[in-house]
1. Return a whole-number percent for the relative contact order of the chain, with Cα pairs under 8 Å and 6 or more residues apart as the contact set.
2. Please turn the phi angles of segment 72-78 into ³J(HN,Hα) values with the Karplus equation 6.51 cos²θ - 1.76 cosθ + 1.60 (θ = phi - 60°), one per residue in order, whole Hz, x for glycine and proline.
3. Which loop GluC sites (Glu not before Pro) in segment 1-67, with loop taken from DSSP, have no more than 15 other Cβ atoms within 10 angstrom of their Cβ?
4. How large is the accessible surface per residue of the chain, computed with a 1.4 Å probe and reported in Å² as a whole number?
5. DSSP loop GluC sites (Glu not before Pro) in segment 66-115 with at most 14 other Cβ atoms within 10 Å of their Cβ, which ones?
6. How large is ³J(HN,Hα), in whole Hz, for each residue of segment 79-88 in order, when computed from phi with the Karplus curve 6.51 cos²θ - 1.76 cosθ + 1.60 and θ = phi - 60°, using x for Gly and Pro?
7. Using the C-alpha gyration tensor of the chain, what are the square roots of 5 times its eigenvalues, in whole angstrom, with the largest one first?
8. Quick one: 3J(HN,Hα) in Hz for segment 14-25, Karplus 6.51/-1.76/1.60 with θ = phi - 60°, rounded, Gly and Pro as x.
Amino acid sequence: MFRIDVMSGIPVYEQIIEQMEKFILTGVLKGTEQVPSVRNLSVELSVNPNTIQKAYSDLDRRGIIFSVPGKGCFVSENAKGILSEAKRNQISDLEQMMYELILAGVGREEIINSLDKAIERKEHADSMGENYDKC
């Protein structure tokens, strides 16, 4: 389920966090569903368990997952809502980025086409019954 790109330049723990968030937002992982154990994910990805634990600790701190002693880690019931709200809070960052693109000479049509492509990508994934866009 998880994939790590060691050549990406993005720290492994951040890749795990990003993928976990995407799995939750797309419905691959649902509220109260158990996530892979630190040990299992460490073996599956050939990654140090401390790296996995660092990602899980961050997700736990933000209320995305929670741990049950002796049972493992689970997706919190309101994880999707927490993540959706966090994404909505990024709109001001997106507005700033678009402003900078406009200053750099990127036209309105290019920006709108980019938005349309993102929407089409989501609609295509939905129509194909895919929960997780692998692109």
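1. The value is 24 percent.
2. x, 10, 9, 6, 6, 4, 9
3. Here the sparse-neighbourhood loop sites are 33.
4. 69 Å²
5. 77
6. 4, 4, x, 4, 5, 4, 5, 4, 5, 4
7. They are 31, 17, 16 Å, listed from largest to smallest.
8. 5, 4, 5, 4, 4, 5, 4, 4, 5, 4, 6, 5
The values are calculated or read from the model by the stated rules, or taken from the named source; none is laboratory data. Keep in mind it's a predicted model, so treat the numbers as computed, not measured. Quick reminder, even Gly has a Cβ in these numbers, built from the backbone with ideal geometry, and neighbours come from all protein chains shown. Quick note on the areas: whole protein, heavy atoms, side chains included, nothing else; ligands and nucleic acids left out. Shrake-Rupley method; radii C 1.70, N 1.55, O 1.52, S 1.80 Å.
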